[in-house]
1. Taking only protein heavy atoms into account and a 1.4 Å probe, give the accessible area per residue of the chain in Å².
2. If the viscosity is 1.567 mPa s and the temperature 4 °C, what translational diffusion coefficient in µm²/s does Stokes-Einstein give for the chain when Rh comes from Kirkwood over Cα pairs?
3. Provide the gained length on full extension for the span Asn23 to Arg8, in nm with one decimal, where the gain is 0.36 nm per separating residue minus the Cα-Cα distance.
4. Percent antiparallel among DSSP beta bridges with both residues in the chain, to the nearest 5?
5. Excluding same-chain residues fewer than 8 positions from Lys300, which lysines have a Cα within less than 18 Å of its Cα?
6. Going toward the positive end of the dipole of the chain, with +1 on Lys and Arg Cβ and -1 on Asp and Glu Cβ, which of Tyr322, Gly138, Thr182 do you reach last?
7. Between Ile318 and Lys16, what is the FRET efficiency for a Förster distance of 41 Å, r being their Cβ-Cβ separation, to the nearest 0.05?
8. Under the rule of at least 5 residues apart or a separate chain, name every residue whose amide H is placed under 5 Å from the amide H of Ile195.
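The values are calculated or read from the model by the stated rules, or taken from the named source; none is laboratory data. A quick note: this is a predicted structure, and the numbers were derived from the prediction, not measured. Cβ placement follows ideal geometry from the backbone for every residue including glycine, while neighbour counts extend to all protein chains displayed. All accessible areas refer to the heavy atoms of the entire protein, side chains included, with ligands and DNA or RNA removed. Shrake-Rupley method; radii C 1.70, N 1.55, O 1.52, S 1.80 Å.
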Amino acid sequence: MKPFIPLRVYYEEVVKEYKQGKNLLKKYEDMDIPLKPIKAHHKIEELRQRPNKEFTKMKKYLILGTRKTIRITPNDKSADFIVPFTSSGCTASCLYCYLVCHFNTNSYLRVYMNRDEMIKKVKRKIKKVKEHKVYELGCNSDMVLENTITGNLKWVIEEFGKLENATATFATKFDFVDDLLTAKHNGHTQMRISINPKEIIRKVELGTSSFKKRINAANKMFKAGYKIGLNIAPVILEDGWEVMYENMFMEVNKLLLPKLKKQLFIEVIFMTYGVSNYYINTESMPKAVNLLDKGKMRPKGIGKYTYRNKYRNPAEKIIRGYINKYLPEASISYIV
Ligand code: SF4
């Protein structure tokens, strides 16, 4: 996979006040990429009005702006707190992507220049909380992907490296980790590599790194001293899923470094699928597989579907069995 080169860049004028913003605009201007000023990254009228079928085209755009609201919220899964950090959106087009439920067709990558403001807020929070806590940096984006554009992940890892009582965490479906291997993380960052069976990555996680590359990235990061987790997400109960997931765990066992497996923690998340995913996928990627199976799924809240307990509960038992069989030293953080 090649690093992302945008088809067009939209930018808020304010980004010119930041060194990073100036450098990025200059870089893209030198590459002859069209640059378009906008008033606000969340109100780009000409993109809002585009039809669903333009979803994948819009994923090739990059938006530069500043994050206006920085609210750190409590969490009880992968982290204690979620930090809205320097990006939202993504260049990939996973068919189930949760971002589509938030941003609809406008889930293209937006990068925010005001990282100093964000880290200040995090530092204030850490001081106030006092106890050791884990902070999620990539709740609305993939920070490893963003890092190829801004270097912000390496920067924030080093910032956390200097802090007491705080661990940074992020999940990724990309393997662009080389830049992070030399970061002075001081053991204060953990990476969760998100995986699925190869067949699912190929058909469903469009525009992300391959299974082998992700596992390789996990090994490299472990050798560089990071704590590593596996994020099995989302589990998709397609026909033949039992065999696909068993093969995946067998391969993980074969490919992960033995020492890594000893410290491994695992998160498992069953798929939630949005009605907005369904309409956008059908119109923008008509040949893609349909993940909405109303026979196996039930409504969950407004506009979302999840697996009925009749299918989910036995599947959880089977997945736990695979983990016990193929990764017996790993700990399961949660299954939802
Ligand atoms: S990599 Fe993550 S953020 Fe990007 S499209 Fe896939 S699920 Fe969404």
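1. Result: 46 Å² per residue.
2. After rounding, the answer is 62 µm²/s.
3. Contour length minus the Cα-Cα distance gives 3.8 nm.
4. Around 25 percent antiparallel, to the nearest 5.
5. The reachable lysines, counting only those whose Cα sits under 18 Å from Lys300, are Lys310.
6. Gly138
7. 0.15
8. Asn231, Ile232, Ala233
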